[in-house]
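The structure under discussion appears below in the form of structure tokens.
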Amino acid sequence: MADTIRSVRGMNDILPASTPHWQKVEQVLQRVLGAYGYQEIRLPILEKTELFKRSIGEVTDIVEKEMYTFEDRNGDSLTMRPEGTAGCVRAAMENGLLNQAQRLWYMGPMFRHERPQKGRYRQFHQLGVEAYGFAGPDMDAELILLTARLWRELGLTDVRLELNSLGSIEARMAYRQELVRYYQQHQEQLDEDSQRRLTTNPLRILDSKNPSMQELNQHAPKLIDHLDVASATHFEQLCAMLDKAGVEYQINTRLVRGLDYYGQTVFEWVTDQLGSQGTVCAGGRYDGLVAQLGGKTASAIGFAIGLERLIALLEATNALPDISGPDGYLVAVGESAQAAALVFAEQLRDAVPGLRLISHCGGGSFKNQFKRADRSGARWTFILGEDEISQQQVGVKIMATGEQEMMSWQALPDFLRQLLNQNNNK
Ligand code: ATP
Ligand code: MG
């Protein structure tokens with residue numbers, strides 16, 4: 001027998017037992033985004049490799065070692081998107097969206113060749129939100145308020161907001177030199193990754209997940225003490241807006257981003273519930289990226305939520321939304337009943353908008369069909385047998401109580417509409 005083929009490591013199936021949770025979470029996210037006037041943009045999964053090299057930066061983890069890159073049949077180098085920001089900026093530039101302010105979102109799979117572990121996969125999903133053309137801190141505050149509302153609407157309590165400012169590029173360059181001097185003085189304490197980053201991307205050393213680097217990083221010079229005046233003012237104004245809106249935050253001076261294109265505001269929502277993969281949402285300002293990709297300078301800020309981590313956190317805090325079964329399960333036994341069942345079900349769906357009805361397929365005894373009805377989690381079982389057909393009636397069993405009654409075909413739609421409405425208004 002041939003070996004069975006298994007999924008690619010780090011790429012998960014999301015099974016029917018989980019998809020209702022995903023759908024409910026996605027609905028909440030979309031509803032809240034709509035409440036702020038954000039519009040969906042749908043982007044390709046494949047982009048030219050050059051896009052990510054130029055935007056994310058050659059010396060980042062993503063570009064150095066995490067991208068799924070291949071040559072297509074024409075010999076062009078393509079990459080499966082490791083994140084959405086670069087593609088979104090590309091699309092906005094290409095389609096003239098940057099001529100006016102934009103509030104955009106997208107949702108979908110991202111691909112990074114990382115070591116798979118809890119909360120870290122090779123295919124994972126993000127909700128990305130990007131705002132273009134807003135230079136002021138009010139937009140930074142809007143995005144943070146939006147995320148705070150998402151958590152409230154999802155019933156999530158166990159996340160806290162960390163904030164930092166990376167300042168202007170010039171301020172960061174000056175700081176970078178000071179940081180390099182500091183780490184050079186303690187070179188013997190640097191782990192291998194940090195040694196390498198010292199010459200390529202020293203700010204990333206601050207972001208090290210290695211516990212042995214914690215002490216050294218704690219005493220490193222702080223970027224926030226080296227901000228340019230404009231960035232310092234921007235940051236103060238943002239903090240004042242958050243204070244006024246009653247959003248709590250901690251300033252984390254070691255918060256940098258894994259990606260190079262950020263400047264000024266950066267923020268993360270983190271939790272202690274998910275072990276070391278505790279960042280659920282990460283974002284910040286990247287005013288430099290559009291120019292870096294060859295466009296006119298444009299303000300840009302955004303964030304991404306890791307949906308696997310979000311759902312894992314909802315699960316860990318017992319906040320996953322309740323999932324209900326179908327409304328009805330139609331059981332039909334006997335030749336004429338079975339023949340009538342599919343059409344009966346169609347008519348019922350026509351007559352009762354929104355009704356979720358499973359029509360039993362494959363025949364079998366009453367006992368067997370009832371078992372299926374039970375397992376489906378349906379609220380009602382509808383029963384068609386030979387007698388019901390000849391009398392144009394249907395048995396209705398309320399699964400929660402076991403009560404059963406006969407109803408005429410005519411009366412059933414009204415009965416269902418009423419109960420479903422009551423349900424929706426609850
Ligand atoms: P980390 O430091 O955890 O590697 P990152 O800086 O690489 O994160 P971003 O590129 O900012 O992450 O991505 C935004 C969010 O997407 C993260 O905060 C996280 O929730 C999620 N995320 C990133 N990489 C993965 C992954 N491999 N698997 C699952 N979720 C991920
Ligand atoms: Mg990463």
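The values are calculated or read from the model by the stated rules, or taken from the named source; none is laboratory data. If you're wondering where the values come from, they're calculated on a predicted model, not measured in any experiment. Here the Cβ is made from the backbone with ideal geometry for all residues, glycine too, and neighbour counts use every protein chain on show. Note: accessible area is taken over every heavy atom of the protein model, side chains too, but ligands, DNA and RNA are not part of it. Shrake-Rupley method; radii C 1.70, N 1.55, O 1.52, S 1.80 Å.
Of 321, 294, 80, which is farthest on the positive side of the dipole of the chain, counting Cα position, with +1 on Lys and Arg Cβ, -1 on Asp and Glu Cβ, and the Cα centre as origin?
Result: 80, furthest along the dipole toward the positive end.
Give me the orientation-averaged projected area of the Cα convex hull of the stretch 100-229, in nm², one decimal.
Details: hull surface 43.7 nm².
Computed as one quarter of the Cα hull surface, the answer is 10.9 nm².
From largest accessible area down, sort 188, 114; use a 1.4 Å probe on the protein chains.
Values: 188 140, 114 30 Å².
Reading off the accessible areas and sorting them downward yields 188, 114.
Gaussian network model of the chain, Cα springs within a sub-10 Å range: biggest mean-square fluctuation belongs to which of 50, 405, 130?
In this elastic network of the chain, the residue with the biggest mean-square fluctuation among 50, 405, 130 is 405.
Grab the Cα-Cα distance for residue 70 and residue 291, subtract it from 0.36 nm times how many residues apart they are, and report the gain in nm with one decimal.
Details: separation 221, 0.36 × 221 = 79.56 nm, distance 2.68 nm.
Between residue 70 and residue 291, full extension yields 76.9 nm more.
What is the stretch 328-424's relative contact order, in percent, from Cα pairs under 8 angstrom and six or more apart in sequence? Walk me through the intermediate numbers first.
Values: 134 pairs, mean separation 29.3, N = 97.
Relative contact order, the stretch 328-424: 30 percent.
Expressed as a whole number of Å, what is the distance separating the alpha-carbon centroids of the stretch 70-121 and the stretch 283-325?
Distance between centres, Cα-based: 13 Å.
Once the cut-off is 19 Å, how many percent of the Cα-Cα pairs in the stretch 328-424 end up in the long-distance tail?
Numbers: 1580 of 4656 pairs.
Percent of Cα pairs beyond 19 Å in the stretch 328-424: 34.
Within the chain, how many Lys pairs that are eight or more residues apart, or on different chains, come under 29 Å at the alpha-carbon?
20
Once you treat every alpha carbon in the chain as an equal point and sum by Debye, what is log10 I(q)/I(0) at q = 0.09, 0.14 Å⁻¹?
The calculated log intensity ratios at q = 0.09, 0.14 Å⁻¹ are -0.70, -1.25.
Please state the shape class of the stretch 57-144: rounded when a/c is under 1.5, otherwise prolate if a/b exceeds b/c and oblate if not, all from the C-alpha gyration tensor.
On the way: a/c = 2.39, a/b = 1.46, b/c = 1.63.
Cα axes put the stretch 57-144 in the oblate bin.
If you wrap a convex hull around the C-alpha atoms of the stretch 219-323 and split its volume per residue, what is the figure in Å³?
Values: hull volume 16.9 nm³, N = 105.
Dividing the Cα hull volume of the stretch 219-323 by its residue count gives 161 Å³.
If DNA, RNA and ligands are ignored and the probe is 1.4 Å, what is the ranking of 65, 209 by accessible area, most exposed first?
Values: 65 105, 209 135 Å².
The ordering from most to least exposed comes out as 209, 65.
Compare 390, 376, 365 by solvent-accessible area with a 1.4 Å probe and give them largest first, with all protein chains kept in place.
Working: 390 90, 376 30, 365 60 Å².
If we order 390, 376, 365 from most to least accessible, we get 390, 365, 376.
Given a Förster distance of 45 angstrom, what is the FRET efficiency for residue 411 paired with residue 319, based on the Cβ-Cβ distance and rounded to 0.05?
Details: r = 40 Å, r/R0 = 0.89.
Between residue 411 and residue 319 the formula returns 0.65.
Could you give the accessible area per residue of the chain, probe 1.4 Å, as a whole number in Å²?
51
When the Karplus curve 6.51 cos²θ - 1.76 cosθ + 1.60 is applied with θ = phi - 60°, which whole-Hz ³J(HN,Hα) does each residue of the stretch 328-342 get, with x for Gly and Pro?
My calculation for the stretch 328-342 gives x, 10, 9, 9, 9, 10, x, 4, 6, 5, 4, 5, 7, 4, 4 Hz in order.
Applying 1/(1 + (r/R0)^6) with R0 = 60 Å to the Cβ-Cβ distance of residue 157 and residue 390, what FRET efficiency is obtained, to the nearest 0.05? If you can, show how the numbers build up before the last one.
Working: r = 58 Å, r/R0 = 0.96.
Step by step, r from the Cβ atoms, then E = 0.55.
Rounded to whole Å and ordered largest first, report the semi-axes of the equivalent ellipsoid of the stretch 266-348 derived from its Cα gyration tensor (root of 5λ).
On the way: eigenvalues 519, 106, 14 Å².
Computed over the stretch 266-348, the values are 51, 23, 8 Å.
Do you know the relative contact order of the chain, to the nearest whole percent, from alpha carbon pairs under 8 angstrom that are 6+ apart? Could the numbers behind the result be given before it?
Numbers: 689 pairs, mean separation 62.7, N = 426.
Computed value for the chain: 15 percent relative contact order.
Roughly how much of residue 361 is accessible, in Å² to the nearest 10, using a 1.4 Å probe?
The accessible area comes out at roughly 100 Å².
Express in Å², to the nearest 10, the accessible area of residue 241 obtained by rolling a 1.4 Å probe over the protein heavy atoms while all chains stay in place.
My reading of the accessible area for residue 241 is about 70 Å².
Ignoring ligands, DNA and RNA, please state the percent of accessible area on the stretch 328-424 from carbon and sulfur, probe 1.4 Å. Intermediate values should be presented prior to the final figure.
Details: 2630 of 5490 Å².
It is 48 percent, rounded to a whole number.
Would you check the accessible area of residue 90, probe 1.4 Å, heavy atoms only, in square angstrom rounded to 10?
Residue 90 has an accessible surface of roughly 60 Å² with all protein chains in place.
Taking 0.36 nm per residue of sequence separation and subtracting the Cα-Cα distance, how much length would be gained by fully extending the chain between residue 207 and residue 177, in nm to one decimal?
On the way: separation 30, 0.36 × 30 = 10.80 nm, distance 1.71 nm.
Contour length minus the Cα-Cα distance gives 9.1 nm.
Picking from 401, 49, 60, which is most flexible by a Gaussian network model of the chain using Cα springs under 10 Å?
The residue that fluctuates most here is 401.
Taking the Cα centre of the stretch 93-213 as origin, work out the dipole magnitude from +1 charges on Lys and Arg Cβ and -1 charges on Asp and Glu Cβ, in debye rounded to 20. Display every interim value, and only then the final one.
Details: 16 positive and 16 negative charges, 81 e Å.
I would put it at about 380 debye.
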